[in-house]
1. I'm trying to understand the selection: among the residues of the range A:35-62, which are facing chain B (nearest Cβ under 10 Å) and out of contact with any strand residue (DSSP E or B) (no Cβ under 9 Å at 6 or more places or on another chain)?
2. Looking only at the range A:6-17, count every residue that is charged (D, E, K, R) and not in a loop (DSSP other than H, G, I, E, B) and tell me the total.
3. Do we find a residue being touching an Asp or Glu at 6+ places or on another chain (Cβ under 7 Å) and surrounded by 20 or more Cβ atoms within 10 Å (Cβ to Cβ) anywhere in the range A:17-32?
4. Check whether at least one residue in the range A:22-34 is free of Cβ contacts under 8 Å to residues at least 60 places away in the same chain, within 11 Å of chain B (Cβ to nearest Cβ), touching a strand residue (DSSP E or B) at 6+ places or on another chain (Cβ under 6 Å) and closer than 25 Å to residue B:110 by Cβ, and report yes or no.
5. Six or more apart or on different chains, Cβ atoms under 9 Å: show the pairs whose first residue is in the range A:97-108 and of a type outside the set (Lys, Arg) and whose second is part of a helix (DSSP H, G or I).
6. Give the residue, chosen from B:106, B:58, that is closer than 27 Å to residue A:80 by Cα, outside any helix (DSSP H, G or I) and modelled with pLDDT under 95.
7. Please work out if residue A:92 is hydroxyl-bearing (Ser, Thr, Tyr), in a loop (DSSP other than H, G, I, E, B) and within 14 Å of chain B (Cβ to nearest Cβ).
8. Scanning the range B:72-93 for residues that are assigned to a strand (DSSP E or B) and more than 16 Å from residue B:126 (Cβ to Cβ), which turns out modelled with the lowest pLDDT?
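The values are calculated or read from the model by the stated rules, or taken from the named source; none is laboratory data. Keep in mind that what you see is a predicted model, and the values were worked out from it rather than measured. Neighbour counts are summed over all protein chains in view; Cβ atoms, including those assigned to glycine, are modelled from backbone coordinates with ideal geometry.
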Amino acid sequence: MSEAGGEVAVVAPRGRIDTNTSGELERTLFGHLGAGETRMLVDLSGVEYISSAGLRVLLKAEKAVHQKGGRLVLCSLGQPVREVFDLSGLSSVFAIEDTRERARERFAEGK
Amino acid sequence: MEAVRTLVVPASRPGMRRVAKDFDAFGTARALPPEVVRAVQVALDEMLSNIVRHGHGERGEGHQIEVSFRLDEGVLEVTIEDDAPPFDPLAASPPDTTGDLASRPEGGLGILLTRKLMDEVEYERAGDRNRVVLRKRTGS
């Protein structure tokens with residue numbers, strides 16, 4: 001689910017993020033946070049769909065990362081995932097980039 | 001090929017997984033568009049998790065949920081029935097999706113998403129059961 005990515009932790013969940021799988025994503029994200037990694041890139045390209053259970057985990061992680069002065073950037077949302085973010089009004093809440101490269105630039109630029 | 005598929009599962013997370021798997025099979029057998037299957041899977045996750053969370057607690061403890069899928073003239077109808085105390089998920093107030101992050105509630109998104117992803121969502125108390133009906137046009 002994760003890979004070494006320099007000083008930015010990359011998390012790339014796959015398949016469905018729903019009530020049954022959101023706990024695994026939460027453990028992964030908060031595992032990084034617990035290890036002191038507060039710069040996180042979540043690549044959603046392999047995600048088939050996401051329900052509100054997954055959105056809540058991402059919101060919770062974003063809040064926790066923000067409180068520690070870090071940054072969480074989402075990237076590579078497929079159309080079904082993007083639609084759920086748009087419908088729930090969360091697209092403006094998260095930092096979202098089209099590609100992983102653009103997301104990495106976001107960290108490099110520090111903006 | 002059956003026009004209606006009905007299954008009864010425990011009101012629990014394993015029960016939810018069985019419904020998701022069954023609906024995948026129904027969608028494949030009826031050649032439903034992938035975007036319709038994904039939207040309905042999200043709505044099922046929202047509605048069933050509501051029942052599991054509010055209805056009977058995490059364990060289900062002997063309670064069951066009956067789910068049926070029906071495809072008729074380009075409309076997919078999903079009916080979900082459970083024997084929990086009366087609970088209308090649609091009566092919950094919609095979450096504020098315009099506030100800033102700090103003031104944004106983390107719950108309540110599921111109902112909002114379900115309403116937006118489906119064409120119709122209905123609730124009724126039928127005897128001693130809650131019944132939620134979801135309808136989605138399949139575009140065919």
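1. Within the range A:35-62, A:52, A:56, A:59, A:60 meet the criteria.
2. 2
3. Yes, there is a match, as at least one residue in the range A:17-32 is touching an Asp or Glu at 6+ places or on another chain (Cβ under 7 Å) and surrounded by 20 or more Cβ atoms within 10 Å (Cβ to Cβ).
4. Taking every residue of the range A:22-34 in turn, none turns out to be free of Cβ contacts under 8 Å to residues at least 60 places away in the same chain, within 11 Å of chain B (Cβ to nearest Cβ), touching a strand residue (DSSP E or B) at 6+ places or on another chain (Cβ under 6 Å) and closer than 25 Å to residue B:110 by Cβ.
5. A:97/A:103; A:97/A:104; A:97/A:105; A:97/A:106
6. Result: B:106 is the single residue among B:106, B:58 that is closer than 27 Å to residue A:80 by Cα, outside any helix (DSSP H, G or I) and modelled with pLDDT under 95.
7. Yes, satisfied.
8. This residue is B:72.
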